[in-house]
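Participant: Structure incoming, see below.
Quick note: the coordinates plus some simple rules give every number you see, no bench work behind them. As the structure is a computational prediction, the values presented were derived from the model and not from experiment. Because the Cβ atoms are built from the backbone with ideal geometry, glycine has one as well, and the counts that use them run over all protein chains shown.
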Amino acid sequence: MMNDPRPEPIHLPDALDSFDQLWSPRVALRMNNYDVRVAKVAGEHVWHAHDDTDEFFLVLDGELRIDLRDGDGEREVVLRTGSAFVVPRGQQHRPTAPDGASILMFEPSGTLSTGDHDGPLPDHIDATTGHALG
Ligand code: NI
């Protein structure tokens, strides 16, 4: 996949079907220095921010909610299938998906999924810069 001299198209639903782990993004494609990552999610992620980059989300299936924190307090955006959103650089956010969702993220390669989160992580959260697809 990576740096493949003869790149092939990828079918995102098949890519999502190839793994089960939640909150554990897979790198589906790379473009310049960016990853196109796909993930299955359910329940709550952890509060974190990415100090060096915005983070793009596209909901492929289901509903993703993103809690956002700024100087005025907290708000929540609700993204149904087909909705996209960009979390601004430096903004504290917490993705949640009460009923589960499949999502696509676009962000610089090397971006840690848990950002600046400090302290213990729940067992269901994978701190990763994205795994290769099996
Ligand atoms: Ni994030």
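Participant: For segment 42-66, give me each residue that is of a type in the set (A, V, I, L, M, F, W, C), in contact (Cβ under 8 Å) with a residue 60 or more places away in the chain and more than 16 Å from T129 (Cα to Cα).
Facilitator: Scanning segment 42-66 gives a single hit, W47.
Participant: Here is a further query. Let me confirm something: among V46, V36, which residue is farther than 26 Å from G119 by Cβ and within 16 Å of the ligand (Cβ to nearest atom)?
Facilitator: V36
Participant: Which pairs turn up if I take residues in segment 67-91 that are closer than 15 Å to V41 by Cβ and look for partners that are assigned to a loop (DSSP other than H, G, I, E, B) and aromatic (F, W, Y) with beta carbon separation below 8 Å, at least 6 apart in sequence or on another chain?
Facilitator: Listed pairs, sorted by first residue: D67/W47.
Participant: Also, I was wondering about something else. Looking at (1) within 15 Å of the ligand (Cβ to nearest atom); (2) under 15 Å from L22 (Cα atoms), which one does L133 not meet, given that it meets all the others?
Facilitator: Going through (1) within 15 Å of the ligand (Cβ to nearest atom); (2) under 15 Å from L22 (Cα atoms) one by one, L133 breaks only (1).
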